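Report on one structure; see the data block that follows.
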Amino acid sequence: IFKAKLKTCVIQNLIFYSVLGVLGAVALLFLWSQGQFDKEDSSFSGFLIFCMNAYGLILIILFLGYGLVAVPKKYFGMKRFESRRKYVYCKVYGKEEVFQDKRFHLEELAATALAMSNKVKTSELKKYIKMIIDSCPKDFIHKAKNFASVDYLEESDKGDLKSLVRLNKNMKKGIEDYE
């Protein structure tokens, strides 16, 4: 991408300077053929000063048009270290809060899975709850063992296949959000 931009910029500059040089040469030849420049007259030096000033103004307009002189607002607003630090601290605090919420949600799901493993009666459902528990990260299972009991379960967690499917879906989404 950089090489293409550089090539385009060089071509545009060559065209611009060629046109400007041709126009300057034509104007110079025209004035010289009309006898406007005498050896003792200062009109030639005045003309050269005019050309240099016009060239400078055209360059300034060109650079401003390409944004080479303008200072981007993003960097201008963040020029002081203190304001930048406060901005970053605010962003970090918000991300940390979201991360902690997701971690607590995953711990609750792990505790629910452990509590449901005690409530499930049939061996077929125990196989499914074991798969759900195995899918959860081990450190969450160890933390959830402290407060996982049948009393922890909500009324909707009956220990049937429907509640296991809902728990599995929530567990997968919780793990995906946490990572």
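The values are calculated or read from the model by the stated rules, or taken from the named source; none is laboratory data. Worth saying up front: this structure is predicted, and the values here are computed from it rather than measured. Ideal geometry is used to build each Cβ from the backbone, glycine not excepted, and the neighbour counts take in all protein chains shown.
Can you tell me which residues in the range 72-88 are at pLDDT below 70 and in a helix (DSSP H, G or I)?
Correct list: Lys73, Lys74, Tyr75, Phe76, Gly77.
Scan (1) modelled with pLDDT of 85 or more; (2) loosely packed, with under 10 Cβ neighbours inside 10 Å for the single condition Ala54 breaks and write down its number.
Against the list (1) modelled with pLDDT of 85 or more; (2) loosely packed, with under 10 Cβ neighbours inside 10 Å, Ala54 comes up short only on (2).
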